[in-house]
1. Got a number for the accessible area of M62? Probe 1.4 Å, square angstrom, nearest 10.
2. Under a 1.4 angstrom probe, counting protein chains only, how are D235, D213 ranked by accessible area, largest first?
3. Pick from F229, F162, F97 the residue whose mean-square fluctuation is largest in a GNM of the chain, springs joining Cα atoms under 10 Å.
4. Starting from the residue with the highest accessible area, list T300, T18, T136 in decreasing order, probe 1.4 Å.
5. Under 4.7 Å Cβ to Cβ, no partner at all: give me those cysteines from the chain, in residue order.
6. Angle, helix 274-283 long axis vs. longest principal axis of the chain, Cα atoms, 0 to 90°, nearest 10?
7. Using the Karplus equation 6.51 cos²θ - 1.76 cosθ + 1.60 (θ = phi - 60°), what ³J(HN,Hα) coupling, rounded to whole Hz, does each residue of the range 69-80 give in order, writing x for Gly and Pro?
8. Using 0.36 nm times the number of residues separating T204 and L280, minus their current alpha carbon distance, what extension gain do you get?
Amino acid sequence: MSTSNLSDDSLPAIMFLTGIPGLEWAHAWIAIPFCAMYLVALAGNAALILVIVTDSALHAPMYLFLCLLSFTDLALSSTTVPKMLAILWLHAGEISFGGCLAQMFCVHSIYALESSVLLAMAFDRYVAICNPLRYTTILNHTVIGKIGLVGLLRSVAIVSPFIFLLRRLPYCDHHVMAHTYCEHMGIARLACGNITVNIVYGLTVALLAMGLDSILIAISYGFILHAVFRLPSQDARHKALSTCGSHLGVILVFYIPAFFSFLTHRFGQHRVPKNVHIFLANLYVLVPPVLNPIIYGARTKEIQSRLLRFLHLGKILM
């Protein structure tokens, strides 16, 4: 019998997600703020998309990238939170192995895509501040579409091998995972075989994708700050820093919990309590989708004014 057949025979038909280990007694209570955060994320991101898509004045590159960011936030939270709530409230932890791999693929590829969008937004701010006269020429709609397509293809290309790396492993009837959603290393650690390749490839993907993106973002902001502090007008400096402040806030909200969860999963298994790690892993698929529209809505006057106008129009129609 071939190695592939042996591996296929050892794959579990059903996986069981247990939720947050050690906090089973509090699952129902934990689900309440998670559900509230999810509803806020849905409403906030849907409102941003609606305002940007329907208002032609907001079809500038910055807002188009923000619209793409909101799409990825909606996809990320909707891929994980409904099942998470079903586990916490209804104890419905069963999921097919294929469904678990599909959820894992979506979570990691969407996260990689969001990292690409944040890098594109940093490039947008760099061009707007360091080369404003060529802003609309450099970042036209065709270029924005190509950037989005490249980001999508990159995320799919780097995450797809996870599926094959997981399917090649023997699981020896291990099918219970202490988590609220499926992710690469959580599934790999159920295997009864050697997972060194999974660990190395996962680390490589993180460093070459999100790690490289964060370095390029830092470099772009180095150039941006250098250009900002050379502006003669204090008002111009304040306006430029205010615009960049929103983006920097979103970057920190995205990368800090992601890198913490990633590093503890690989290097802090025996130092960070399992329930703390799983709880934070839940937050990194919830906090960015919740805070991103709030940060941009609160700090971007154009979006704020159009959203208020849209809500006022809705009240009149009702």
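1. Counting only protein heavy atoms, the figure is 30 Å².
2. Numbers: D235 125, D213 5 Å².
I get D235, D213, largest accessible area first.
3. Top of the fluctuation ranking is F229.
4. On the way: T300 10, T18 40, T136 100 Å².
The ordering from most to least exposed comes out as T136, T18, T300.
5. Cysteines of the chain left without a disulfide-compatible partner: C35, C67, C106, C130, C244.
6. 40 degrees
7. 4, 5, 4, 5, 5, 4, 5, 4, 6, 6, 6, 10
8. Full extension of this stretch gives 25.1 nm more.
The values are calculated or read from the model by the stated rules, or taken from the named source; none is laboratory data. Note that this is a predicted model, so its numbers are computed, not measured. Every residue, glycine among them, receives a Cβ derived from its backbone with ideal geometry; neighbour counts consider all protein chains shown. Ligands, DNA and RNA are stripped out before the accessible areas are found, and what is left, the full protein with its side chains, is counted by its heavy atoms. Shrake-Rupley method; radii C 1.70, N 1.55, O 1.52, S 1.80 Å.
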